[in-house]
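Working notes, beginning with the structure itself.
The values are calculated or read from the model by the stated rules, or taken from the named source; none is laboratory data. Everything numeric here is computed off the predicted structure, so don't read it as measured data. So basically every Cβ, Gly included, is an ideal-geometry build from the backbone, and we count neighbours across all protein chains shown. Each accessible area value is taken on the protein alone, full model and side chains, heavy atoms only, with ligands, DNA and RNA left out. Shrake-Rupley method; radii C 1.70, N 1.55, O 1.52, S 1.80 Å.
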Amino acid sequence: MGVGRAAVTCRTMMRLFCWRYWARLPAVRARSVSSGSSRSALSDSPWPQGIIDRFGGVTVSLLPTHTLDESSFKGWLHGFTFHHAEHDTSTLTLWLKDGPSNLPGYATHQVGVAGAVFDEDTGKVLVVQDRNKTVNTWKFPGGLSDHREDIGATAVREVLEETGIKSEFKSLLSIRQQHNHPGAFGKSDMYIICRLKPLSYEISFCPQECLKCEWMDLKELAYCSNTTPITSRIAKLLLYGHKEGFHKIDLTMRTFPAIYSGLFYSLYHKELPEAYETKRNL
């Protein structure tokens, strides 16, 4: 799922944004997300017409001219649950699809993770074209990290969900930080790319998320025009690592006990020579 679980993939949801004193509110904004939403689909709805975003979300504004008494407004909120409060707004959510809600919890940052699945024997890397993008360029499969999910686990899970390929986490390759990301709903965006080793090779991609999926020659991806700048950059980094040794590009992960009893954390860094680990021959 692209960083909008890129963001919003195979899911339908509705968010309601309102002023803290909702019973006397002059304005309400609501967002519903559905892969098949359109302006015409709202024509028979009690909601005013909305604007569709690139993830299939519909943003609806209730202008001050739309007056509602307390009882009517309360009826509109039926089924919604509290999500979070921020500044002068309170956010409520309503999951419209069957099954438990898959809506991410509130956060100050959005963390997206992609997996660069590279087959060292063939020199090919796994790439997809995202169905939710306005421009269909080649990129690495990935999506939003779940609550309490390690970065490597996110990459492995997202690759499997999008492409059907099983893989193993090897290292962290890069971190992109971006503010005012249009797909992060006003939050800052962290986008992390991991190097993965393939454990299977037969593609079975998710048609709700991907237009195409294939194993592409790494050099072709690094220098082709039909890709994103970050994908091209990481492909060149992988080329360098494949030729000169992955130890020159990898940030590997080690697990250490935290100062809090019974807890552990993951630390990503370049590998230390054994002599520095043991203090021998220093």
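Arg195 versus (1) over 15 Å from Gly123 (Cα atoms); (2) outside any helix (DSSP H, G or I): which is the lone unmet condition?
Arg195 satisfies every listed condition except (1).
Return yes when Ala222 is among the aliphatic types (A, V, I, L, M), at pLDDT below 95 and open to solvent by less than 30 Å² (accessible area, probe 1.4 Å) and no when it is not.
Values: among the aliphatic types (A, V, I, L, M): yes; at pLDDT below 95: no; open to solvent by less than 30 Å² (accessible area, probe 1.4 Å): yes.
No: the conditions fail for Ala222.
Looking at segment 142-168, which of the residues that are of a type in the set (A, V, I, L, M, F, W, C) and outside any helix (DSSP H, G or I) is nearest to Glu202 (Cα to Cα)? Spell out how you get there, then give the answer.
Quick first cut of segment 142-168, residues of a type in the set (A, V, I, L, M, F, W, C) only: 144, 151, 153, 155-156, 159-160, 165.
Cutting the leftovers down to outside any helix (DSSP H, G or I) gives us 144, 165.
Details: Leu144: 24, Ile165: 7 Å.
Across segment 142-168, the extreme among qualifying residues is Ile165.
Within the group Ser167, Ser171, Ser145, which residue is of a type in the set (S, T, N, Q), open to solvent by 20 Å² or more (accessible area, probe 1.4 Å) and touching a strand residue (DSSP E or B) at 6+ places or on another chain (Cβ under 6 Å)? Lay out the reasoning, then the answer.
Numbers: Ser167 fails: open to solvent by 20 Å² or more (accessible area, probe 1.4 Å); Ser171 fails: open to solvent by 20 Å² or more (accessible area, probe 1.4 Å).
Unique residue meeting the criteria: Ser145.
Could you say whether any residue in segment 174-185 is assigned to a helix (DSSP H, G or I) and among the polar types (S, T, N, Q)?
No, there is no match, as no residue in segment 174-185 is assigned to a helix (DSSP H, G or I) and among the polar types (S, T, N, Q).
Among (1) more than 21 Å from Ala184 (Cα to Cα); (2) modelled with pLDDT under 95, where does Glu149 come up short?
Every condition holds for Glu149 apart from (1).
Given Ile234, Ile249, which one is within 30 Å of Arg148 (Cβ to Cβ) and touching a helix residue (DSSP H, G or I) at 6+ places or on another chain (Cβ under 8 Å)?
Residue meeting the stated conditions: Ile249.
Considering only residues that are open to solvent by less than 70 Å² (accessible area, probe 1.4 Å), under 18 Å from Val113 (Cβ atoms) and either touching a Pro at 6+ places or on another chain (Cβ under 7 Å) or polar (S, T, N, Q) (or both), which ones fall in segment 174-216?
Answer for segment 174-216, where residues must be open to solvent by less than 70 Å² (accessible area, probe 1.4 Å), under 18 Å from Val113 (Cβ atoms) and either touching a Pro at 6+ places or on another chain (Cβ under 7 Å) or polar (S, T, N, Q) (or both): Ser174, Gln178, Ser188.
Listed here are the residues, each with its yes/no results for (1) of a type in the set (Ser, Thr, Tyr); (2) surrounded by 10 or more Cβ atoms within 10 Å (Cβ to Cβ); (3) closer than 18 Å to Val125 by Cβ.
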residue	(1), (2), (3)
Thr227	yes, yes, yes
Ile230	no, yes, yes
Arg233	no, yes, yes
Lys236	no, yes, yes
Arg254	no, yes, no
Lys279	no, no, no
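Residue by residue, here is whether (1) touching a Ser or Thr at 6+ places or on another chain (Cβ under 8 Å); (2) in a loop (DSSP other than H, G, I, E, B); (3) modelled with pLDDT under 75 holds:
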| site | (1), (2), (3) |
| --- | --- |
| Leu68 | no, yes, yes |
| Gly75 | no, no, no |
| Thr91 | no, no, yes |
| Leu103 | yes, yes, yes |
| Ala107 | no, yes, yes |
| Val111 | yes, no, no |
| Ala114 | no, no, no |
| Leu126 | yes, no, no |
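From the set of residues in segment 112-142 that are of a type in the set (S, T, N, Q) and touching a Phe, Trp or Tyr at 6+ places or on another chain (Cβ under 9 Å), which is least open to solvent (accessible area, probe 1.4 Å)? Even if it seems obvious, please write down each step before you answer.
In the first step, residues of segment 112-142 are kept if they are of a type in the set (S, T, N, Q); the result is 122, 129, 132, 134, 136-137.
Keeping just the survivors that are touching a Phe, Trp or Tyr at 6+ places or on another chain (Cβ under 9 Å) gives 122, 129, 132.
Working: Thr122: 80, Gln129: 12, Asn132: 31 Å².
Looking at the filtered set, the residue picked out is Gln129.
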